[in-house]
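Comments concern the structure below.
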Amino acid sequence: MVFNTGAALLDAIVLAVVSREAEGTYGYKITQEVRQAIDLSESTLYPVLRRLQKDECLEVYDMEFGGRNRRYYKITPKGSAQLRLYEAEWSRYSERITAIFEGGYR
């Protein structure tokens, strides 16, 4: 992809992916879903997850899976509110950019 993905957009994408699962989801699955939209390595994802946890947008818990603990991430009410803000801003932003590309924004 030729466009850079900034921290806010990464946060928004990760929150959107995590919000799809009521009980939360784990890192590898988050990476796979995010990769459907943008190129993302696990080494990029985990700092985003830690930042969102620190900002109280995600909560983290471990659950046994296949004899090992798997770390799950679940969106918090604060994270849901932040996601709604990101969605509203993305809508406004994408409409303006699309209008410029289509020649209708002045």
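Rule-based calculations on the coordinates, nothing more; no lab input. Note that the structure is predicted; figures quoted are calculated from it, not measured. So basically every Cβ, Gly included, is an ideal-geometry build from the backbone, and we count neighbours across all protein chains shown.
Annotations for the structure displayed:
- Restricting the GluC sites (Glu not before Pro) of segment 33-106 to loop positions (DSSP other than H, G, I, E, B) with no more than 16 neighbouring Cβ atoms within 10 Å leaves E56, E102.
- The orientation-averaged projected area of the convex hull spanned by the Cα atoms of the chain comes to 7.7 nm².
- Note on the chain: helix-only mean residue ellipticity at 222 nm, from DSSP H runs of 4+ residues weighted -39500 (n - 2.57) and normalised by residue number, equals -18000 deg cm²/dmol.
- Helix 7-19 axis, angle to the chain major axis (alpha carbon atoms, nearest 10°): 60 degrees
- Taking the chain and dividing mean pair separation by its residue count, relative contact order in percent (alpha carbons under 8 Å, at least six apart): 27 percent
- If the chain linking W90 and E21 were pulled fully straight, counting 0.36 nm for each residue of separation and taking away their Cα-Cα distance, it would gain 22.7 nm.
- Split the chain at each of the chymotrypsin sites (Phe, Trp or Tyr not before Pro) in a DSSP loop with at most 16 other beta carbon atoms within 10 Å, and the longest piece is 4-104.
- In this label model, E42 and V60 are separated by 1.5 nm, measuring between points 7 Å along each Cα→Cβ vector.
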